[in-house]
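*Asks:* What follows is a structure written as structure tokens; I'll ask about it next.
Read-outs throughout are calculated quantities, based only on the coordinates presented, and are distinct from any laboratory measurement. This is a predicted model, so every value here is computed, not measured. Methodologically, a virtual Cβ is constructed for each residue, glycine included, from the backbone with ideal geometry; neighbour enumeration extends over all protein chains shown.
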There are 2 protein chains.
Amino acid sequence: MMKNKLLLDLFLQSSQTFISGEEISRRLNISRTAVWKQINQLRDMGYEFEAVSRKGYRMTFIPDFYKVTDIEAKLNTKVLGRKIQIMETTTSTQVDAMTQAESGTEEGALFIAEQQSSGRGRLGRKWFSPAGKGIWMSLVLRPELPIRYMPQLTLLTGVAVCKAIRSVTGAEAAIKWPNDILIHGKKVCGILLESATEDNKVKYCIAGIGIDVNLSAEDYPEELTEIATSLKLETGHTIDRALLIAEILNEMELLYNRYTSEGFTPIQVEWEEHSVSIGQAVRTETLTETIQGVAKRLDPSGGLVIAAPSGEERVVYSGEVEII
Amino acid sequence: MMKNKLLLDLFLQSSQTFISGEEISRRLNISRTAVWKQINQLRDMGYEFEAVSRKGYRMTFIPDFYKVTDIEAKLNTKVLGRKIQIMETTTSTQVDAMTQAESGTEEGALFIAEQQSSGRGRLGRKWFSPAGKGIWMSLVLRPELPIRYMPQLTLLTGVAVCKAIRSVTGAEAAIKWPNDILIHGKKVCGILLESATEDNKVKYCIAGIGIDVNLSAEDYPEELTEIATSLKLETGHTIDRALLIAEILNEMELLYNRYTSEGFTPIQVEWEEHSVSIGQAVRTETLTETIQGVAKRLDPSGGLVIAAPSGEERVVYSGEVEII
């Protein structure tokens, strides 16, 4: 931040007017190459610039860097998010949360990064997580649950995130089994629940949530443009990330309390209501076969029930289920 | 090892005769205090000495330090123990195995330590693991199992260890639910299965096995003497640790292959045959109540079925079940 502070101030003072590279070079007494380097550093932090030849540079987007107080101001929870750690950059918030959970940090502790250098997705995949425009966070849970109930917690998290996105942005978010969030068929959010267990008990569970919030079309690498989208692209508005985080935690704590007192049935009902999978023709590959049919409902343990054309019902518990 | 090498050689050469402190001091040209310090260092490594006033010191036990080749010579496995790492001392083999599993080490990798400074037991407890006389080891497994089957793997491990102890030592080892191994009512072995899961899948599982093999009565701290024992104390013989390790892996791979092809039923039958819990009056505390009754059998998911005096049956899935 130190090196490009003067440049940043210059752009912040000149609101959205163009400043030529030559003028910047002269006013800050640095070379044209240094100007270009510093603008790219600011881009890496989430700032956006328009560059027009003979006019120069204009700042077009200022990221809303997280402040703990912004999130706390909107939280209604007793447990979730009552300890928040914000990092400018990290390898993976999932790894940070696991390390802290291993050394005993309390339930509800939340780890947020502006940027991840090696974000984790499901099934060992990477998660694209550029600076200042997404929500990349991991929440520590310590559920008193036998491990066979863990898949239900995965689905509960999906419902909470889907409801929060709908209420904050108005977008038509829906859940693809088990817990991707889609808008108009493109993925806007991924959820990854990782747990550490001992014998039959959950020691801790880390709910990783990655949401493409304010990414613009140019932020996406080629291979993601067809399958991924952001809340900003879908709604046309810049979204308040702190508000969305608070709302996710609020929804999640409500659902979690309901789950504890009433069991999985109300969660199952809400999941099915918010799902894009139910009623669709789907296909999935297991180690030994391909299962194809219509997704009918969740089974009580959280698996997806698929009815083959013959009417035979099969339950899928993990992996990827493609809508065809 | 370097500093006390000369002292060790002196004792090894004089077989089991006494050597006075004065003579050692003179022959090694070190002070009497240094002699005493070095003997204690050797004790910490697992050597044992008898000290008699006016006669001096006599070496009474030489630990059989592990060699990978000794274990491999007795292994019949295809997967388990095909990569072995032996450490003189470590914090916890469980932590070593988890770290390596996290960075992708293969199924069957085995981590053995002569000594652990902070061995892990079940339910967050410490595990007493002094040098040279016990088996303190952790095995990496990568089962293709939905997480609800993990408790079955815990029970399978208990059966493998119990059978191996019986066949190598002839001792009447038996399993206390879920997987302590007892001889004559005292604990000789603890087993701890810790897993890392993602959604509904097991990423890896670490089977931690701690066996008190050649510990003598003096090795035990006061608070353990009533509840713990060693194979040597129970059989009167020094046990070959390398052979016992190989036999555990051999039994475990056989059982695991059987489990994969035939399911849990044969494991359940063997567990019940080797159990000390079944048929006994037992008591356990849950978060909300005390369950007391007679342990009847395993249920298909690996829980212990307890019949109350009223005849009502309850299933316990985790925690401590005391035999009363």
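*Asks:* What is the average number of partner chain Cβ atoms found within 10 Å of a Cβ in B:185-193?
*Replies:* So the per-residue partner count for this stretch is 1.
*Asks:* May I ask you to derive the relative contact order of the stretch B:99-227, considering only C-alpha pairs under 8 Å and at least 6 residues apart, and to give it as an integer percent?
*Replies:* Value for the stretch B:99-227: 26 percent.
*Asks:* Could I ask something else about it? With an 8 Å Cα cut-off and a minimum separation of 6 or more residues, compute the relative contact order for chain B in percent.
*Replies:* Relative CO of chain B lands at 14 percent.
*Asks:* Nearest beta-carbon of B to the rotation axis carrying it onto A: which residue, how many whole Å?
*Replies:* Per the B/A rotation axis, the closest residue of B reads B:R148, 2.
*Asks:* Provide a whole-number value for the mean count of partner chain Cβ atoms within 10 Å of the Cβ atoms in peptide B:201-214.
*Replies:* Numbers: counts 6, 4, 3, 0, 1, 0, 0, 1, 0, 0, 0, 0, 0, 0.
Shielding by partners across B:201-214 averages 1.
*Asks:* Counting only other chains, what is the mean number of Cβ atoms within 10 angstrom of the Cβ of each residue in peptide A:146-157?
*Replies:* 4
*Asks:* Using the membrane-span-like helix rule (whole DSSP H runs, Cα extent along the own axis of at least 20 Å, mean Kyte-Doolittle hydropathy at least 0.5), which helices of chain A qualify?
*Replies:* Span-like helices here: A:150-169.
*Asks:* Per the Kirkwood formula on distinct C-alpha pairs, the Rh of the stretch A:88-184 is how many angstrom?
*Replies:* The answer is 14.8 Å.
*Asks:* Across chain A, what fraction of all alpha-carbon pairs, as a whole percent, falls in each successive 10 Å bin from zero upward?
*Replies:* All Cα pairs considered, the percentages come to 6, 24, 31, 22, 10, 6, 2, 0.
*Asks:* Rounded if a/c is under 1.5, else prolate if a/b is larger than b/c, else oblate: which is the stretch A:186-324, with a ≥ b ≥ c the root eigenvalues of its Cα gyration tensor?
*Replies:* oblate
*Asks:* Where nothing but the Cβ of Lys and Arg (+1) and of Asp and Glu (-1) is charged, how large is the charge dipole of the protein assembly as shown around its Cα centre, in debye to the nearest 20?
*Replies:* 1720 debye
*Asks:* Can you tell which of B:T90, B:A109, B:W127 lies farthest toward the positive end of the dipole of the stretch B:87-142, using +1 and -1 charges on the Cβ of basic and acidic side chains (Lys, Arg; Asp, Glu)?
*Replies:* With unit charges placed on the Cβ atoms, the residue in question is B:W127.
*Asks:* How would you classify the protein assembly as shown from its alpha-carbon gyration tensor, with a ≥ b ≥ c the square roots of the eigenvalues: rounded for a/c under 1.5, else prolate if a/b is greater than b/c, otherwise oblate?
*Replies:* oblate
*Asks:* Right, here's the next one. Given the peptides B:227-236, A:41-50, B:214-223, arrange them by the average over their residues of other C-beta atoms within 10 Å, most packed first.
*Replies:* B:227-236, A:41-50, B:214-223
*Asks:* Shortest first, in nm, what separates the label point of B:F18 from those of the same position in the other copies (7 Å along Cα→Cβ)?
*Replies:* Distances between equivalent label points, in nm: 10.1.
*Asks:* Moving to a separate point now. Rounded to the nearest 20 Debye, what is the dipole magnitude of the stretch A:68-273 about its Cα centre when Lys and Arg each give +1 and Asp and Glu each give -1 at the C-beta?
*Replies:* 240 debye
*Asks:* Within the stretch A:111-217, which GluC sites (Glu not before Pro) sit in a loop by DSSP and count at most 16 neighbouring Cβ atoms inside 10 Å?
*Replies:* Here the sparse-neighbourhood loop sites are A:E144, A:E172.
*Asks:* If you don't mind, there's one more thing I want to ask. Rounding to the nearest 20 debye, state how big the charge dipole of the stretch B:281-323 is about its Cα centre with +1 on each Lys and Arg Cβ and -1 on each Asp and Glu Cβ.
*Replies:* 160 debye
*Asks:* So, one more: List the aspartates and glutamates whose alpha-carbon lies under 17 Å from that of A:K296, not counting same-chain residues fewer than 8 positions away?
*Replies:* Filter leaves A:E270, A:E272, A:E273, A:E312, A:E313, A:E320, A:E322.
*Asks:* Of B:T260, B:L141, A:I19, which is farthest on the positive side of the dipole of the protein assembly as shown, counting Cα position, with +1 on Lys and Arg Cβ, -1 on Asp and Glu Cβ, and the Cα centre as origin?
*Replies:* Sorting the options by dipole projection puts first A:I19.
*Asks:* Another question about this same structure. Of A:K55/A:K126; A:K37/A:K67; A:K126/A:K203; A:K3/A:K133, which sit over 30 Å apart, Cα to Cα?
*Replies:* Going by Cα-Cα distance, A:K55/A:K126 fall outside the 30 Å limit.
*Asks:* Using the beta-carbon distance between A:H237 and A:T265 and R0 = 45 Å, what value does 1/(1 + (r/R0)^6) give for FRET efficiency, to the nearest 0.05?
*Replies:* For A:H237 and A:T265, the calculated efficiency is 0.80.
*Asks:* Next question. Using a label position 7 Å from Cα in the Cα→Cβ direction, what is the ascending list of nm distances from A:E289 to the same site in the other copies?
*Replies:* Nearest to farthest, the other copies are at 4.1 nm.
*Asks:* Just order B:174-185, B:85-96 by mean Cβ neighbour count inside 10 Å, highest at the front, would you?
*Replies:* B:174-185, B:85-96
*Asks:* Moving to a separate point now. Could you state the number of Å between the C-alpha centres of the stretch A:185-225 and the stretch B:233-302?
*Replies:* 38 Å
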